[in-house]
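Chemist: My questions all concern the structure below.
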């Protein structure tokens, strides 16, 4: 249970006022009040305050080591949103607050500093990067990753050899945020670090730095690293780099890695590379992997690659797959292939028990425009009870060449939405982007 101490109530009041993100516009007293209220605050509440302050700038994931640690919520890429610069007194107070032992105070202080790109903030953080206190060095690297100054590249490269694991991880992460090519070689060397946290951060950074020279290192990590989270991030990085030379390695891991999260990311990477070379392995994973997320991501990857040769296999999958999400994504994928003829499984899916599957199947049929699908679409529309699926089926009928007399019947429907959709379809406009049943977001580390 959250205990409402005096400081907790103060922090809640600051959050409720919605002024926390713009404390930089207030006097030093406003920041001092926030930091005082943060002293001893419960971790969950402080996580809320940290989010209000902003500066997640998540990209591929948040920093490896933060004062609050695992209690933070998932990052969102909000950016600085035009935050005004801090005053000199505010900067001094916030930099001094990084030395406190209270994690909530440190978290809020570094995030507020991260909203400011001034030289005073950068130099203050770099000074603390050389502190004898390893925890202060770690939070300083975190702050530099938020501010992203090019001048910090060399100090951060030196920091990746520091004895403190947290600092090494944050320094590597910050280099990825800054995005300077000088970091590729030193970060590649870190892939042999004894800490999985550091190796994972390094793999993600190599994916951010956009250098093909990192691909062999990432392939080796995917093949031999003992820690699944590191292999998963290496697979993500290879996909992010669109590493065609890594397709065989990714396909082998998709087939043989024991960890489902790694296999899922390999499927995503192959889809992001948009290659046809791994279609057989992806289709096999879509049919037979024991993990539903792997199966769904493999189907997505096939759709993203637009390899029409797998369409019959995905059509069969619509009839055999038990998971609703996979069937939905399979129907979506069939709409990506620029087919001339609709697979039988797609037409049968118009009778699926799930409205989402029916919607995506009708949408895919409208993309294909196969006149042979008209009887199935007519039957589906006559039985349909779901509004979105009904509109998708109407779109399918019109795009597949439904005869004018049948469209006239639809214009006399008692349902105004049916009449409206029919009119728009006949007029040749207003049918896009709805229905656009795009699948769920893809995995990221």
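What follows is calculated from the coordinates using simple rules that are stated; it is not laboratory data. Keep in mind that this is a model prediction, so the values were computed, not measured. Glycine gets a Cβ as well: all are built from the backbone with ideal geometry, and neighbour counts include every protein chain shown.
Chemist: Using a Förster radius of 25 Å, what is the FRET efficiency between residue 407 and residue 344 based on their Cβ-Cβ separation? Nearest 0.05, please.
Modeler: Result of the calculation: an efficiency of 0.45.
Chemist: Starting from 0.36 nm per residue, how many nanometres of slack lie between residue 245 and residue 223 once their C-alpha separation is accounted for?
Modeler: Additional length available on full extension: 6.5 nm.
Chemist: Using a 7 Å offset from the Cα along the Cα-to-Cβ direction at both residue 117 and residue 274, what is the distance between the two label points in nm, to one decimal?
Modeler: Going from the residue 117 label point to the residue 274 one covers 3.0 nm.
Chemist: Between residue 290 and residue 131, 0.36 nm times their residue separation minus their Cα-Cα distance comes to what?
Modeler: Contour length minus the Cα-Cα distance gives 52.3 nm.
Chemist: I need the Debye-formula profile for the range 316-445: one equal scatterer per C-alpha, no solvent, reported as log10 I(q)/I(0) at q = 0.16, 0.17, 0.18, 0.21 1/Å, two decimals.
Modeler: Debye intensities relative to I(0), on a log10 scale: -0.71, -0.80, -0.89, -1.19.
Chemist: Once fully extended, how much extra length lies between residue 36 and residue 154, figured as 0.36 nm per residue of separation less the alpha-carbon to alpha-carbon distance?
Modeler: 39.0 nm
Chemist: Using a ≥ b ≥ c from the Cα gyration tensor of the range 214-295 (square roots of the eigenvalues), is it rounded, prolate or oblate, where a/c under 1.5 gives rounded and otherwise the larger of a/b and b/c decides, a/b for prolate?
Modeler: It is oblate, given that a/c is not under 1.5 and a/b is not larger than b/c.
Chemist: Further, regarding this structure: Between residue 96 and residue 258, what is the label-to-label distance in nm when each label sits 7 Å out along the Cα-to-Cβ direction?
Modeler: Roughly 5.4 nm, to one decimal.
Chemist: Sort 130-142, 172-184 by the packing proxy (mean of other Cβ within 10 Å over each peptide's residues), most packed first.
Modeler: Ranked by mean Cβ neighbours within 10 Å, highest first: 172-184, 130-142.
Chemist: P(r) tail for the range 79-215, what percent of Cα pairs lie past 22 Å?
Modeler: 34 percent
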